[in-house]
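Chemist: Provided herewith is a single structure, encoded as structure tokens, for subsequent inquiry.
The values are calculated or read from the model by the stated rules, or taken from the named source; none is laboratory data. These numbers come from a predicted model, not from an experiment. A quick note on method: Cβ atoms are made from the backbone with ideal geometry, for glycine too, and the neighbour counts reach across all protein chains shown.
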């Protein structure tokens, strides 16, 4: 069977133009960017070209861009950096219950160090209520960190409104935009953020490279100490090959994002409509409209989603549950939205990308319908035919 990839939110394939850009720094411009000779200068030029390309996509100054080892490092950098730098001002940080572990874990780490963390709830669409944020702000609040869009449901958070609240209270604001950059506009001035995270492998660039935007004038303690790389803000010889690739990816999506997203959204909506019309009992998880254009998270009622995907191994998608120590647990994002455990166990996230085709969508619908209707092993309860009701 034809393999179909519908897990672009987990990771994206590397764009051919990105790979082409990287090759130059593998085979020709391989020098250390801190070296003064020709090879080093060429590598340095590649890093700075990439910095400019990222800054154009985000609408900021190049010097506000720091290259990191990925989204997780960027999130750790800002959360722990702000906590350490401003500990004399306060010890309170506000985040949400649906953040990526790269945000939740650093916050939990800081709690053990005496910091106080507020985890905001979300509504049934997976969205933070700005009024809840207002109520939790204290004189000791030093940072608000809320993701731009959720990786599981695609729900887009009201970052602009959150920013207005943060600015009125002179509180720093960070958003993890790993899932949104390249799919929807994420200009830092429009969002009103002080920090923003990018992960390369969510953007058709390689794994192991990321970005942290830090607004001009803000200085925080670096996470990694050593020599004076990245203007003294992130020690370690720059990963020139992957930085060049990420820069090229940003250039591509600055030019093609809206066109790509419009096409992908139509395919995503087709997938949802066809599933609805296929006689399957499904429920949408996430906001109907305020959602990433490529993301569809649905619960197949009375179906075990892990067993479903095991029955159609040629289709790559993600489930709404995870197994830890042989104990199956529902997605904490879905349960935070008030979704029942049994429905969360039936959740599947389909995330489309720039190479998803209409044929693949049609084949996916056919495979899912056949598996659910014909294989009773994946159902927790039997399907009752209309004549039996």
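Yes or no, residue by residue, for (1) more than 17 Å from the chain's Cα centre (by Cα); (2) over 27 Å from residue 150 (Cβ atoms):
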residue	(1), (2)
15	yes, no
21	yes, yes
26	yes, yes
38	yes, yes
47	yes, yes
84	yes, yes
87	yes, yes
103	no, no
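Chemist: Still on this structure, I have one more. Which residues, counting only those in region 108-161, are crowded, with 21+ Cβ neighbours inside 10 Å and on the phi > 0 side of the Ramachandran plot?
Modeler: 126, 154
Chemist: Among 59, 46, 70, 36, which is without any contact (Cβ under 8 Å) to a residue 24 or more places away in the chain and in the same structural domain as residue 197 (by TED's automatic domain parsing)?
Modeler: Being without any contact (Cβ under 8 Å) to a residue 24 or more places away in the chain and in the same structural domain as residue 197 (by TED's automatic domain parsing) holds for just one of 59, 46, 70, 36, which is 36.
Chemist: Here is a further query. Restricting to region 13-34, name every residue that is in a loop (DSSP other than H, G, I, E, B) and surrounded by 13 or more Cβ atoms within 10 Å (Cβ to Cβ).
Modeler: If we filter region 13-34 for residues that are in a loop (DSSP other than H, G, I, E, B), which is where we start, we get 13-15, 28-34.
Within region 13-34, 13, 14, 15, 29, 30, 31, 32, 33, 34 qualify.
Chemist: Look at residue 219 and say whether it is surrounded by fewer than 19 Cβ atoms within 10 Å (Cβ to Cβ), assigned by TED's automatic domain parsing to the domain that holds residue 147 and not in a helix (DSSP H, G or I). Walk me through it before giving the result.
Modeler: Numbers: surrounded by fewer than 19 Cβ atoms within 10 Å (Cβ to Cβ): yes; assigned by TED's automatic domain parsing to the domain that holds residue 147: yes; not in a helix (DSSP H, G or I): yes.
Yes, satisfied.
Chemist: Tally time: how many residues in region 163-201 are in a helix (DSSP H, G or I) and either surrounded by 24 or more Cβ atoms within 10 Å (Cβ to Cβ) or in contact (Cβ under 8 Å) with a residue 40 or more places away in the chain (or both)? Full working, then the answer.
Modeler: Just the residues of region 163-201 that are in a helix (DSSP H, G or I), to begin with: 163-168, 188-191, 200-201.
Among the residues that remain, those that are also either surrounded by 24 or more Cβ atoms within 10 Å (Cβ to Cβ) or in contact (Cβ under 8 Å) with a residue 40 or more places away in the chain (or both) are: 166, 188-191, 200-201.
So the count comes out to 7.
Chemist: With 231, 260, 189, 239 as the choices, which residue is closer than 15 Å to residue 66 by Cα and under 23 Å from the mean Cα position of the chain (by Cα)?
Modeler: Only one candidate qualifies: 239.
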